[in-house]
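K.L.:
Sharing a structure below in structure tokens format, with a few things to ask.
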Amino acid sequence: MINNLVHAADLSIVMRKYRYLGSFFILTLVAVFLNGAGIRRNVERLANDKVAQGRPNYDAMFADGKLRIAVFWGWDHPRDTIMGSFPAFETLNGKRLYYKGNPIMIEIGMITQINEKPKDIFKTALEDSTIDMVIYSGHARYGKGMAFESMYDIFRCGNGDLVEDRHVKPYKVFKATSEDLDATKFPNTYKIIMLNCCDSQGHFRQSWAKRFRECGAAVDLLTVEFPVFNLYDHRRVLNLLRDILAFADWKTIKANYESEVHKRKNRLIIDPVRSPDEEDFAMDGAY
């Protein structure tokens, strides 16, 4: 009799647990429905993680005797991340390095969300033929573009896809337009542009490459596959600058960028402009 009562009590406890679990799942589904949320898709990556051949066009970068770099930290970037890069930038700014025996002056400018009209400065840097590198690190607004003074102050450079904005409730779908990118006139001088923000579905690789072709711009574009925004972004940016100052090739630059793994691995995608290399002139001696 006692055993039967114990068994009945255990069964009652189990049934209550199932009822609680059932109620939890029902409430969760209701909350998801009311918030307009959808199940996130698996992150899309390139099928082949190709390593770019060759190296940046250092001859073109250093032709004027200067290496000018503009670094932009986007809206809501952690303060610790920005402050972590200050010592290195201050140390490098105004220093000289030597390339093929010639002195090269290093000039680094850092722009954050507290600067006046940082989005306008970003566009100006992209159009300035004397700036050799433009780096943006921050949010990508789900493929809409780079955010500067606020989450709504966006440099619109999407590829026309429909994107879901998850910072409003219920979630809304917008078209990722490219007004700001289309208004940017890239010079035909060599430049490296790094978009250190999530580009897992290739939104920016498509739209920016299209604009480069329209302008006849000689740009090496660096983008990142999911995800990128965290407290260690300054290390990745500093790794890139260190390798550029060491005249590294693309393989080394990619390996060192991806070596900073903090809970998740970022993949650096390099779309270089093909420039003449030593192998292109391997047969010159025969003529």
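K.L.:
Too long at a 30 Å Cα-Cα cut-off: which of Lys172/Lys254; Lys119/Lys254; Lys50/Lys119; Lys123/Lys254; Lys95/Lys117?
P.N.:
As for pairs spanning more than 30 Å Cα to Cα, those are Lys172/Lys254; Lys50/Lys119.
K.L.:
Here's something else I'd like to know. Fewest to most neighbouring Cβ within 10 Å: what's the order for Tyr98, Tyr171, Tyr190?
P.N.:
Tyr98, Tyr171, Tyr190
K.L.:
Mind sorting Val173, Val51, Val219 by how few other Cβ atoms lie within 10 Å of their own Cβ, fewest first?
P.N.:
Val173, Val51, Val219
K.L.:
Order these peptides, 76-84, 158-166, 144-152, by their mean beta-carbon neighbour count within 10 angstrom, highest first.
P.N.:
144-152, 158-166, 76-84
K.L.:
Starting from the Cα of Lys100, draw a straight line to each of the lysines and keep only those under 16 Å, dropping any in the same chain fewer than 8 residues away.
P.N.:
Output for Lys100: Lys66.
K.L.:
Here is a follow-up. Spin-label point model (7 Å from Cα, Cβ direction): what's the Ile114 to Glu214 distance in nm?
P.N.:
Distance between the two pseudo-spin positions: 3.6 nm.
K.L.:
Summing Lys, Arg as +1 and Asp, Glu as -1, what charge do residues with Cβ under 15 Å from the Cβ of Arg68 carry, Arg68 excluded? Don't skip to the answer; put the middle values down first.
P.N.:
Details: positive: Lys66, Lys95, Arg96, Lys191; negative: Asp64, Glu107, Glu127, Asp128, Asp132.
Counting the neighbours of Arg68, the net charge comes to -1.
K.L.:
Place a point 7 Å from Cα of Val273 in the direction of its Cβ. Which residues in segment 107-132 have their backbone N less than 18 Å from it?
P.N.:
Residues passing the 18 Å test: 123-132.
K.L.:
Still on this model: By how many nm would the segment from Asp161 to Val173 grow when fully extended, if each residue of separation counts as 0.36 nm and the alpha-carbon distance is taken off? Mind dumping the intermediate values first?
P.N.:
Working: separation 12, 0.36 × 12 = 4.32 nm, distance 1.00 nm.
Going from the current span to full extension adds 3.3 nm.
K.L.:
Could I ask something else about it? Within straight cross-link reach of Lys175, meaning Cα distance under 18 Å, which lysines are found once same-chain residues fewer than 8 apart are removed?
P.N.:
The qualifying lysines are Lys144, Lys210.
Any read-out appearing in this document is the output of simple, stated calculations on the displayed coordinates, not a laboratory observation. The structure presented is a predicted model; accordingly, all values stated were derived computationally and were not measured. Quick reminder, even Gly has a Cβ in these numbers, built from the backbone with ideal geometry, and neighbours come from all protein chains shown.
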